[in-house]
Amino acid sequence: MEVPLEIQEAAKIDGCSWLGVLGRVILPLSMPGIAVTVILGFMFSWNAFNYPLMLAGRQTFPVTVGAIQSSPTSRCCGDRWQRQRSLPPCRNFCSA
């Protein structure tokens, strides 16, 4: 989906430069799509880490989970750290 050319031309007629059209017309009209893309990207990357962590056993897990579990914070915090990481997606799901 794109911003209609007529809106861009109207902004040019009103005296906006190309950067003015971009900053005052195109970017504000594109913000909902950008926000959805950022939120979904965050949620997908979060799930790509958390699901293997929850479903895999202690013997087999992805490389990212192994890297995080070998970090100093995982030794001192343990399960509390994993519960804290699962709260934001649950909160987002329940508020929707």
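For the reader, a short list of remarks on this structure follows.
- Pairs, first closer than 20 Å to Gly33 by Cα in segment 3-22, second among the hydroxyl-bearing types (Ser, Thr, Tyr), C-beta under 8 Å, six or more apart: Val3/Ser30
- Subset tally (residues that are assigned to a helix (DSSP H, G or I) and touching a Gly at 6+ places or on another chain (Cβ under 8 Å)) for segment 1-16: 1
- Residues being more than 13 Å from Glu2 (Cα to Cα) and either in a helix (DSSP H, G or I) or touching a Leu at 6+ places or on another chain (Cβ under 9 Å) (or both) - total across segment 17-31: 6
- Residue under evaluation Tyr51, criteria (1) under 27 Å from the mean Cα position of the chain (by Cα); (2) at pLDDT 90 or above; (3) among the hydroxyl-bearing types (Ser, Thr, Tyr), criterion not met: (2)
- Pair list, Cβ under 9 Å, 6 or more apart: segment 33-49 residue surrounded by 10 or more Cβ atoms within 10 Å (Cβ to Cβ), other residue among the aliphatic types (A, V, I, L, M): Gly33/Met1; Ile34/Leu27; Phe49/Val65; Phe49/Ile68
The values are calculated or read from the model by the stated rules, or taken from the named source; none is laboratory data. Bear in mind the structure is a predicted one, so any value in this text is a computation, not a measurement. A quick note on method: Cβ atoms are made from the backbone with ideal geometry, for glycine too, and the neighbour counts reach across all protein chains shown.
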